[in-house]
Every structure is written in C-alpha cells, then in structure tokens.
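Participant: So that we are looking at the same thing, I have put the structure below in structure tokens.
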Amino acid sequence: MLLDIPNLGVNMDEAGNLSSEYLPLLKLESYIAKQLKELKQIKMDLELSKSMFINMYRLADEEMNYILKHSLWFTACVTYNRCFSSGNGRGITLNERKYINHLDQRLIDAHKEVKSQRNQYIAHADINNYERAEVFGVLDFDSSTILGHSNFFTRTIVVNKEKSDLYVELVTRVMKRVIEEEKEKSDLLLKELETIKLDESNIIKPTNVANKEVMIQYYNLLAMKCCTELQDFHKGIDYLTKSIELMPELWQLYSNRAQIFEKIGDRKRQAEDIKRANELQGNKN
C-alpha cells in the first residue's frame, strides 16, 4: 500500500511553473488525479468562505469596520458560489442535487440566499434589496420654490449574526461531504499509483535537498505513517535510518527507531539504539 502524504514544499512561480523543495515529485494527470485536485481546490474555497462568514462578526460593530465587513460578506459569497459554478479552470463543480437537496429546508434556503446575493447584487447590478439610490429636488419650506437637488444612497449588510451562523453551518455540511468524496478519490488514486509507470519527463526534481533538518522531518513523517497507517514497521525503520544517515548526532532518531525495533521484537537492535541515544544525550548534557 502507498501513503497519502501532506505538505511537501511545492512552490509555484508567477508563470505557473512548479518546483519541489525536498523530495522528487511526479505530476499526475490521470482522470482520478484531476478529480482529486479539483476537490481539494473546492475544499479550500469552502474553508475560506466559512472563515470569512465567521470573522464578519468578530469585528466590532463600528463605522470604521463597515467596509471590512462588507468586503468579507462579498468575498465569502463569491467564494462559496465558485464551488457550484462551472469554468475552464475546473473540470468538476458541486452538484446541488448531491450536496444541497438532501439537507433540511432551512439550509437549502440558506444556500439559495447566498446564491441570490451573489447573482443579484454582488456580481451583477440586478434590482435588489441591498442598496438604494435616489436623487431628489429640494424645495423651500412652503414647497413653492426649487432650491436645488440632493441625493440619497444607502447600502446594507443583510447578513446579521444569526444569518452568518446559519451560513457557517451550511458550508460545514457541504464541506463534510466534500471531504468524504476527497477520501474516496484519494483511496482510488493510491491504488492507481501501485501500477503506474514512472515517466522521467513528469518528475519534478527537488531544489533544497541540502536542508537536512527538513528532510529529516519528512522522513520521520513517512516513518510514522508507515507504522500507524500501513503497519509496515520495516519500511518505517528504513525511513528513520535515512534520517540517521543525514544527522547521526540526533539522539531522538535512535530513540524513535528503538521503539519500532521493540514493535517487531528485535531486542538486540533495540538495545543498541537505546545505548546510542543515551550516549548522545549524555554528550549533549
């Protein structure tokens, strides 16, 4: 079995070129890989919109915060609706029949509200209840003489604290289903990777392999995932051994490897690592 490994130091420059800091990466272009990529993008949008709806009402109710609240509301609505909108950049969108229609009515209505706010007001200039502008002729007191003109303009934030909490609940429920589907696609991709043939042209070479501390962090992460998720203790030992080869002076690495030797019943090598860890720790003190 293979691992789902997070955070591998991938960077993108202004031209859209990708680079890897620490480990070689293979850019995946299969149908399942593209679906998983797009689900992760959608999940990020949902996390952002949820955070913005929450933070709208962490701001004090003061005039100076009005623009910030208004901006958060606009951005939260647009970002949420991106998940249900088609475009050239993403191959999938969230289907309302799958993600919305099974929810209780108050959340279905909340979804329609956020959609309406975006479509009627935020992204378009349709007739709406969120802003009003008028121009008036101004008369003197006896209404017999026109003095000039004046104007009236108001813009309101219709999302009060109660509505904001409801929208957060909506986004949370949608995100829960996205995470479930993301896990399904991840499992399918891991099975696909077991049979994939490496193509050198798609490999992104690492640029920062000299950073031993970070390499050790990744090797330790891989060792932990091998032991906890796959129960593959020998592979876990291999990754910790790679860490020790990079920085043999770190007593913690020997201590960690000793624990895995204990798991597989290798008392001799366990004792050797414990002895070495104690020696290094004593030298440090």
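Bear in mind these aren't lab numbers, they're just calculated from the coordinates by the rules spelled out. What you see is a predicted model, and the numbers here were worked out from it, not measured in a lab. So basically every Cβ, Gly included, is an ideal-geometry build from the backbone, and we count neighbours across all protein chains shown.
Participant: Most exposed first by the Cβ proxy, i.e. fewest other Cβ within 10 Å, how do 79, 172 rank?
Facilitator: With the sparsest Cβ surroundings first, the list reads 172, 79.
Participant: Shifting gears a bit: Based on the Cβ-Cβ distance of residue 224 and residue 13, what FRET efficiency does E = 1/(1 + (r/R0)^6) give at R0 = 41 Å, to the nearest 0.05?
Facilitator: In this case the efficiency is close to 0.85.
Participant: Roughly how big is segment 208-284's charge dipole about its Cα centre, with Cβ charges of +1 (Lys, Arg) and -1 (Asp, Glu), in debye to the nearest 20?
Facilitator: Computed charge dipole of segment 208-284: roughly 120 debye.
Participant: Calculated from the structure, Rg/Rh (Cα atoms, Kirkwood Rh) equals which of (i) 1.00; (ii) 0.97; (iii) 1.18?
Facilitator: Comparing each candidate, only (iii) matches the computed number.
Participant: Which length gain, in nm to one decimal place, applies between residue 97 and residue 145 when the Cα-Cα distance is subtracted from 0.36 nm times their residue separation?
Facilitator: Fully extending the segment from residue 97 to residue 145 adds 11.2 nm.
Participant: Are there any GluC sites (Glu not before Pro) in segment 217-285 that are in a DSSP loop and have at most 10 other Cβ atoms within 10 Å? List them by number.
Facilitator: 249
Participant: How tilted is helix 66-82 with respect to the longest principal axis of the chain? Cα atoms for both, answer in degrees (0 to 90, nearest 10).
Facilitator: 60
Participant: In debye, nearest 20, what is the charge dipole magnitude of the chain about its Cα centre with +1 on Lys and Arg Cβ and -1 on Asp and Glu Cβ, if you could check?
Facilitator: Magnitude of the dipole: close to 860 debye.
Participant: Taking the simple approach of a point 7 Å from Cα along Cα-to-Cβ for both residue 116 and residue 205, what is their distance in nm?
Facilitator: Roughly 5.8 nm, to one decimal.
Participant: I've got another one for you. If the viscosity is 1.306 mPa s and the temperature 10 °C, what translational diffusion coefficient in µm²/s does Stokes-Einstein give for segment 208-284 when Rh comes from Kirkwood over Cα pairs?
Facilitator: In µm²/s, the coefficient rounds to 127.
Participant: Something else about it: Which entries of 43/205; 50/163; 185/242; 27/197 show an alpha-carbon separation above 20 angstrom in the structure shown?
Facilitator: The pairs that break the limit, which is 20 Å between Cα atoms, are 43/205; 185/242.
Participant: In addition: Could you put 10, 171, 138 in order, starting from the residue whose Cβ has the fewest other Cβ atoms within 10 Å?
Facilitator: 138, 10, 171
Participant: Let me ask something else about it. Among 278, 57, 30, whose Cα sits farthest toward the positive end of the charge dipole of the chain (+1 at Cβ of Lys/Arg, -1 at Cβ of Asp/Glu, about the Cα centre)?
Facilitator: 278
Participant: Under a cut-off of 14 Å between alpha-carbon atoms, report the aspartates and glutamates in cross-link reach of residue 212, not counting same-chain residues fewer than 8 places apart.
Facilitator: Within the straight-line cut-off, residue 212 pairs with 21, 245, 249.
Participant: While we're on this one: On a 0 to 90° scale, report how tilted helix 251-263 is relative to the longest principal axis of the chain, with both axes built from alpha carbons and the result rounded to the nearest 10.
Facilitator: 80
Participant: To continue, here is another question. Cross-link partners among aspartates and glutamates for residue 115, C-alpha distance below 13 Å, same-chain residues fewer than 8 apart left out?
Facilitator: 96
Participant: Sort 234, 111 so that the residue with the fewest other Cβ atoms within 10 Å of its own Cβ comes first and the one with the most comes last.
Facilitator: 234, 111
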